[in-house]
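Reading through the structure tokens given below for one structure.
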Amino acid sequence: MSRNKTFPIYLAFLAMGFGDAVGPFVGLAKEQFALSNFEAQLIAFMGFIMFGILSIPMGIYQDRKGKKVVLLLGLVIALIGLTIPLFGLSSYALFLLTILLLGAGAAILQVAGNPIMRDVSAPGKYARNLSFGQFIKAIGSLSGSLIPFAAAKWFGADWKILFPIYVSALLLTIVIIGFTKIKEEKLDKEPATMESCFSLLNNKFVLAMVLGIFVYVGIEISISSGVPILLESRYGIELKTWGLLGNAFFFIAILIGRFLGSIILNWAKPSAFFKATVIASIVGIGLIFVNNQFVTIAGIFITGLGFANIFPLIFSITIDAMPERSNEISGLMVTAIAGGAFIPPIMGYVADKTTVLGGFIVPLVGLLFVSYLAFSKASKLSIQK
């Protein structure tokens, strides 16, 4: 498959990353609208609840209409959501609507983008290309922190400058994908149904890996949204500028980790690499709890490096085990991204009851479950169907 077929899909992954701006938005909106930790984390809930609502229906629709159609639909819905702030963002409720539509678009993009990457990948290169796609997505994720930081620090501009930039990028992506011909893999099987999709959860391997996506996304969003608040409350680092840079530091680590992962996966087995990533993640989160600014920031970086390839590894390992059910598995796994809606409010609640640092116990516990997958389930690639 020529590279000109993968380039438009990488652009779609960049657009997926815009949905991760929900993380930095939590701290920014908390300050602008004077919210509690729990209310602020509801922004993450609104951003990710649509993954739970839309993903399985979109996976079934995609099985009938094709991945490119669904990919374009996701881009258009995200575009509508990001256009709303261009006309003013005067209330918390209106901001939640923007995040809801952005989340819906990102959910649909994930349903189509992850399996369509297999269609444009050379044999045996799906895990590598998916990791590189997630590297591109991390650039989009990073923009949610870096652009507001640069706008406030050097241009005196408001963080909402993100919205016209995102709108322009989405318009360009829609045009390029619209004019790209993609040959999708056609399988001789009955179209997917809600029943056939949920029946996959009877397979213990698939169920465990879907739960792994739920937990992983939840703890990633918890950390990305909690880091600026932690740096401000513990070390007095101003949230609007250097606090956001701490969040950017986390995404820079993810960016580097995914790029390295796309190289390492040329020769390393995905299951072995999965084990290495969770070990790094545990070390990183442990360092965040050390009462030293330098060590905490180092921990944030190491956590990002470890987290970098967990999502594409879980996804590609599962799809490669059952490629004939890729649309249904994609629907289930993208539904599980709703973990980004449910786990951050739990972290916010724990933080309100204890301390901001105490809230980081929640992602640490979640990571222990992901570690169980890496050292148990993910190494068993021959599964009973």
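The values are calculated or read from the model by the stated rules, or taken from the named source; none is laboratory data. Quantities reported herein were computed from a predicted structural model and do not represent experimental measurements. Neighbour counts are summed over all protein chains in view; Cβ atoms, including those assigned to glycine, are modelled from backbone coordinates with ideal geometry.
The single condition among (1) surrounded by fewer than 19 Cβ atoms within 10 Å (Cβ to Cβ); (2) over 24 Å from Gly226 (Cα atoms); (3) among the aromatic types (Phe, Trp, Tyr) that Tyr92 does not meet is (2). Of all residue pairs spaced 6 or more apart or on separate chains, those with beta-carbon atoms under 6 Å, a first member in the range 59-72 that is more than 19 Å from Met16 (Cβ to Cβ) and in contact (Cβ under 8 Å) with a residue 12 or more places away in the chain and a second member that is outside any helix (DSSP H, G or I) and not small (Gly, Ala, Ser) are Asp63/Pro191; Arg64/Pro191.
In the range 117-132, the residues that are among the acidic types (Asp, Glu) reach residues that are in a helix (DSSP H, G or I) with C-beta atoms within less than 9 angstrom, at least six apart or across chains, in these pairs: Asp119/Lys5; Asp119/Ile9; Asp119/Lys67. Being surrounded by fewer than 24 Cβ atoms within 10 Å (Cβ to Cβ) and either touching a helix residue (DSSP H, G or I) at 6+ places or on another chain (Cβ under 8 Å) or at pLDDT 85 or above (or both) is the filter here; which residues of the range 123-134 pass it? Result: Arg128, Asn129, Phe132. Considering the range 1-30, the residues that are among the polar types (S, T, N, Q) and assigned to a helix (DSSP H, G or I) include one that is modelled with the highest pLDDT, namely Thr6. Return a yes/no flag: does the range 327-343 have any residue that is under 21 Å from the mean Cα position of the chain (by Cα), in a helix (DSSP H, G or I), within 30 Å of Leu54 (Cβ to Cβ) and at pLDDT 95 or above. There is no residue in the range 327-343 that is under 21 Å from the mean Cα position of the chain (by Cα), in a helix (DSSP H, G or I), within 30 Å of Leu54 (Cβ to Cβ) and at pLDDT 95 or above. Considering every residue within the range 262-273, establish whether at least one is within 17 Å of Leu146 (Cβ to Cβ), part of a helix (DSSP H, G or I) and among the aliphatic types (A, V, I, L, M). No; the residues of the range 262-273 include none that is within 17 Å of Leu146 (Cβ to Cβ), part of a helix (DSSP H, G or I) and among the aliphatic types (A, V, I, L, M).
One line per residue, one yes/no per condition, for (1) without any contact (Cβ under 8 Å) to a residue 12 or more places away in the chain; (2) within 29 Å of Glu39 (Cα to Cα):
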position	(1), (2)
Leu265	no, no
Ala268	yes, no
Thr277	no, no
Phe301	no, yes
Phe315	no, no
Ile319	no, no
Glu328	no, no
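Which one is surrounded by the most Cβ atoms within 10 Å (Cβ to Cβ) among residues in the range 62-84 that are in a helix (DSSP H, G or I) and among the small types (Gly, Ala, Ser)? Only one residue fits best here, namely Ala78.
Being closer than 19 Å to Phe198 by Cα and of a type outside the set (Phe, Trp, Tyr) is a description that applies to Asp320.
Whether any residue in the range 203-220 is in a loop (DSSP other than H, G, I, E, B), in contact (Cβ under 8 Å) with a residue 24 or more places away in the chain and either aromatic (Phe, Trp, Tyr) or closer than 29 Å to Pro57 by Cβ (or both) is what I want to check. Checked the range 203-220: at least one residue is in a loop (DSSP other than H, G, I, E, B), in contact (Cβ under 8 Å) with a residue 24 or more places away in the chain and either aromatic (Phe, Trp, Tyr) or closer than 29 Å to Pro57 by Cβ (or both).
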